[in-house]
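Engineer: Have a look at this one before I ask anything.
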Amino acid sequence: MLVVIGLMVLTACGRGADAPSPSPSPPARVDGSPSPRSSPKPTAKLVTVKIVSGKVSVSETRVEVPLNETVRIEVTSDRPDEIHVHGYEVRSEIKPEETTVVEFVADLPGVFEVEIHTGHEKLFDLRVS
Amino acid sequence: MILAHGIGGRSDLPIPLWMALTGATAALLISFLVLGAWWRNSRFKGSEAGRPLPRSLQRAADSKVTLWTLKLIGLLLLAAMLGIAAAGPNDSAINPVPTWFYVWFWVGIVPISILFGPIYKKINPVRTICGFIYRFVSADEEPREVPAGWGYKPAAAGLIAFLMLELVFDRSDLPLVVGGFIGIYVLANAVMGLRFGERWCDRGDGFEVYARMMAQLSIFGRRSDGRLVIRNPLDGLAAMKTDTAFVQILVVVIGSAAFDGLTRTEIWQSLIAGRPRSIYLLLGTLGLAASILFISTTYRTAVELSERFTDKRELAGRFVHSLIPIAVGYTIAHYFSLFVFQGQAGFILGSDPFGRGADLFGTADWAINYRLVSVSAIALVQVGAIVLGHVLGVISAHDRAVELFPEPYKTRSQYSLLAVMVVYTAVGIALLVGT
């Protein structure tokens, strides 16, 4: 027990003392640029999100992908908004009447929330294992 | 944990089934081993045990300078939290206060207390404020005793208020909400300090009581003769004062941890999906209440059965210490990854507390390193903590039973409590599989 907790403390503090090692994950704020014309890669996991007057419909609410799979999220909304993939810190502005495409490689294991910022509504869980 | 946006945006994958089964089997086997018993007479001496630390060290630890330094640190940290919560941006992705409060304070208080013993009592700004208020404001000649009949209910109520905020309320991550909660919490306790002085915190301040409970598992403690000692954590547990009222705290802590686990499961997630806010809050409240009630009922039933087997009464308080390691196991299982990952955000956001481009620690532009601990290491820690907590709990309970009961009852008296512990452990592991 003590060893486990010692580890908790050490690992947490270790980060603070480390040299600022650039995290292998994407930098803090990446704007997935809207590029409606590029077609998804054949291996990409596609998730579509439609928002009509605040009502969200998602193709899946639990998206499971293997590690290092490309995830492609296509969002259409009738209102301006922002989509945020937690952990990966992928953020992208959603413009009304336009398909916003967010694409990234799922290279961090864990369960991450994907949400829009209006009302902090959760769109789906991205489960990378 | 349902802390949206900025806090806890990452959660753990389910643990592998083989690991769950191995853990559960190990817990069960060790339980029977302990029951069948290596020892028939109590081994733990509680507050009589321990090797004294050098007197010079004790003098330093007990000195006025140390005492006031710790109090000052506590007050400064509280002031910083309130100030940054109020003046910083009201967004937990920029403002460090929610991360400091939920991750550094609420989760961090566990390893701090287990590593250093009951140190939080010395830092606790609520205690300091209660002392000040009594000294400088109260007209009473002497602080009154907190009525014995209140038990630990005030502390339990404070903890429940916090847990409602953390686990049920859907805007719990907002810095203004966190600051408001802390402000009201401190104020409510300060009012009680007016009558009861510092003593109020012994049974009134939920956070201090929680920290003290965790500190029973520390290698540092105080012997009955007042010496600061290093001791076996199992002696530390046995040293806990027999107190039936303390059950109120343990059932809240274990019950809420179980509810926390429940909210992460697929079943709960699909239950709340798409519900209106009022229903969501109602389900959360009911779920939390039901979880606490479940733990409370099972523990009390087990103790009553045990009382029926023997001629002893008032056993609930005599075995309550054996639930502490189980509570710690649950806590580590649920918060380990949050502490390791979101804990980093405390440095990152804290470097620029007001979101104005400052960089106090040079860490402002770091990103959380999610590769610090692997998924399998997390799963191992989760199962390991629950199983180890179970084992320590069973050992503590066995030792207390052989101490209390004469021979024909030594084993028999343990059946019901052991069964309950196995249930808690099985539930804990099942919740980790079901996420």
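Engineer: Using Cα-Cα distances under 8 Å and only pairs 6 or more residues apart, what relative contact order does chain B have, in percent? Display every interim value, and only then the final one.
Structural biologist: Numbers: 659 pairs, mean separation 116.9, N = 435.
With pairs under 8 Å counted, the relative contact order is 27 percent.
Engineer: Calculate log10 I(q)/I(0) of the stretch B:48-153 for q = 0.13 Å⁻¹, where I(q) comes from the Debye formula with a single equal point scatterer on each Cα and nothing for solvent.
Structural biologist: -0.74
Engineer: How much length is gained on full extension from B:Leu194 to B:Trp68, taking 0.36 nm per residue of separation minus their Cα-Cα distance?
Structural biologist: Working: separation 126, 0.36 × 126 = 45.36 nm, distance 2.09 nm.
Stretched fully, the B:Leu194-B:Trp68 segment lengthens by 43.3 nm.
Engineer: About the Cα centre, and with charges only on the beta carbon of Lys, Arg (+1) and Asp, Glu (-1), how big is the dipole of the protein assembly as shown? Nearest 20 debye, please. If you can, show how the numbers build up before the last one.
Structural biologist: On the way: 52 positive and 49 negative charges, 365 e Å.
Magnitude of the dipole: close to 1760 debye.
Engineer: How crowded by other chains is B:377-383, given as the mean number of beta carbons from other chains within 10 Å of each beta carbon? The partial results should precede the final answer.
Structural biologist: On the way: counts 2, 2, 0, 1, 4, 0, 0.
Per residue, the average neighbour count from other chains is 1.
Engineer: For the pairs B:Lys121/B:Lys312; B:Lys122/B:Lys153; B:Lys241/B:Lys312; B:Lys71/B:Lys241, note any where the Cα-Cα span goes beyond 29 Å. Can you show the working numbers first?
Structural biologist: Details: B:Lys121/B:Lys312 34 Å; B:Lys122/B:Lys153 22 Å; B:Lys241/B:Lys312 18 Å; B:Lys71/B:Lys241 26 Å.
Violating the 29 Å Cα-Cα cut-off are B:Lys121/B:Lys312.
Engineer: Please average, across the residues of A:101-112, the number of beta carbons from any other chain that are within 10 Å of each residue's own beta carbon, and give a whole number. The partial results should precede the final answer.
Structural biologist: Working: counts 0, 0, 0, 0, 0, 0, 2, 7, 9, 10, 8, 4.
What the average comes to for A:101-112 is 3.
Engineer: Per-residue counts of other Cβ atoms within 10 Å, averaged by peptide: what ranking do you get for B:294-302, B:218-226, highest first? Let's see the in-between values first.
Structural biologist: On the way: B:294-302: 18.6, B:218-226: 16.4.
Descending mean neighbour count gives B:294-302, B:218-226.
Engineer: Could you work out how far the C-alpha centroid of the stretch A:54-129 sits from that of the stretch B:242-282, in angstrom?
Structural biologist: Here the two parts' Cα centres lie 27 Å apart.
Engineer: I would also like to ask the following. What is the mean projected area of the alpha carbon convex hull for the stretch B:261-309, to one decimal in square nanometres? Can you show the working numbers first?
Structural biologist: Working: hull surface 15.6 nm².
Here the figure is 3.9 nm², rounded to one decimal.
Engineer: So if I take the alpha carbon set of the stretch B:250-362, get Rg, then get Rh from the Kirkwood formula, what is the Rg over Rh ratio? Could the numbers behind the result be given before it?
Structural biologist: Details: Rg = 20.2 Å, Rh = 17.4 Å.
Computed over Cα atoms, the ratio is 1.16.
Engineer: Would the stretch B:115-241 count as rounded, prolate or oblate if I go by the C-alpha gyration tensor, calling it rounded below 1.5 in a/c and otherwise prolate when a/b exceeds b/c, oblate otherwise?
Structural biologist: Oblate, because a/c is 1.5 or more while a/b does not exceed b/c.
Engineer: OK, next. Can you tell me which of B:9-17, B:117-125, B:205-213 comes out highest on packing, and rank the rest after it, using the mean Cβ neighbours within 10 Å?
Structural biologist: Values: B:9-17: 19.3, B:117-125: 21.0, B:205-213: 23.9.
Packing order, densest peptide first, comes out as B:205-213, B:117-125, B:9-17.
Engineer: Taking θ as phi - 60°, what are the ³J(HN,Hα) couplings along the stretch B:174-181 by the Karplus curve (6.51, -1.76, 1.60), each to the nearest whole Hz, with x for Gly and Pro?
Structural biologist: These are the phi-based 3J(HN,Hα) values: 5, x, 5, 5, 4, x, x, 4 Hz.
Engineer: Just to check I understand the Karplus step: with θ = phi - 60° and J = 6.51 cos²θ - 1.76 cosθ + 1.60, what whole-Hz values come out for the stretch B:150-160, glycine and proline as x?
Structural biologist: Residue by residue, the stretch B:150-160 yields 6, x, 9, 4, x, 5, 4, 5, x, 5, 5 Hz.
Engineer: Next question. Given C-alpha coordinates of chain B, what is the ratio Rg to Rh with the Kirkwood estimate of Rh? Don't skip to the answer; put the middle values down first.
Structural biologist: Details: Rg = 22.0 Å, Rh = 22.8 Å.
Looking at chain B, the ratio lands at 0.96.
Engineer: Next up: Residues with beta-carbon under 13 Å from that of B:Ala190, excluding B:Ala190: net charge, scoring Lys, Arg +1 and Asp, Glu -1? Don't jump to the answer; show the numbers that get you there.
Structural biologist: On the way: positive: B:Arg127, B:Arg135, B:Arg195; negative: B:Glu198, B:Asp205.
Summing Lys/Arg as +1 and Asp/Glu as -1 gives +1.
Engineer: Using the Kirkwood radius over C-alpha pairs as Rh, can you work out the diffusion coefficient of the protein assembly as shown via Stokes-Einstein at 25 °C, viscosity 0.890 mPa s, in µm² per second? Walk me through the numbers on the way to the answer.
Structural biologist: Details: Rh = 25.1 Å.
Taking Rh from Cα pairs, D becomes 98 µm²/s.
Engineer: Continuing with the same structure: State to the nearest 20 debye the size of the charge dipole of chain B about its Cα centre, where the only charges are +1 on K and R beta carbons and -1 on D and E beta carbons. Mind showing how you got there, number by number?
Structural biologist: On the way: 38 positive and 30 negative charges, 192 e Å.
Dipole of chain B, to the nearest 20 debye: 920 debye.
Engineer: Another question, then. With only Lys, Arg, Asp and Glu charged, each at its Cβ (+1 for the first two, -1 for the last two), find how big the charge dipole of the stretch B:114-266 is about the Cα centre; round to the nearest 20 debye. Don't jump to the answer; show the numbers that get you there.
Structural biologist: Working: 17 positive and 16 negative charges, 95 e Å.
Value, rounded to 20: 460 debye.
Engineer: Could you order the peptides B:62-73, B:156-167, B:388-399 from most to least packed, using the average number of other C-beta atoms within 10 Å per residue?
Structural biologist: Details: B:62-73: 12.6, B:156-167: 19.9, B:388-399: 24.7.
Highest to lowest by the protection proxy: B:388-399, B:156-167, B:62-73.
Engineer: Here is a further query. When you look at the Cβ of every residue in B:175-185, what mean number of other chain Cβ atoms sits within 10 Å?
Structural biologist: Numbers: counts 0, 0, 0, 0, 0, 0, 0, 0, 0, 0, 0.
Neighbouring Cβ atoms belonging to other protein chains average 0 per residue here.
Engineer: Give the percent of DSSP beta bridges with both residues in the protein assembly as shown that are antiparallel, rounded to the nearest 5. Numbers along the way, then the final one.
Structural biologist: Working: 32 of 45 bridges.
Roughly 70 percent of the beta bridges in the protein assembly as shown run antiparallel, per DSSP.
Readers should treat all values here as calculations from the given coordinates under stated rules, not as data from a laboratory. Since this is a predicted model, take the numbers as computed values, not measurements. So basically every Cβ, Gly included, is an ideal-geometry build from the backbone, and we count neighbours across all protein chains shown.
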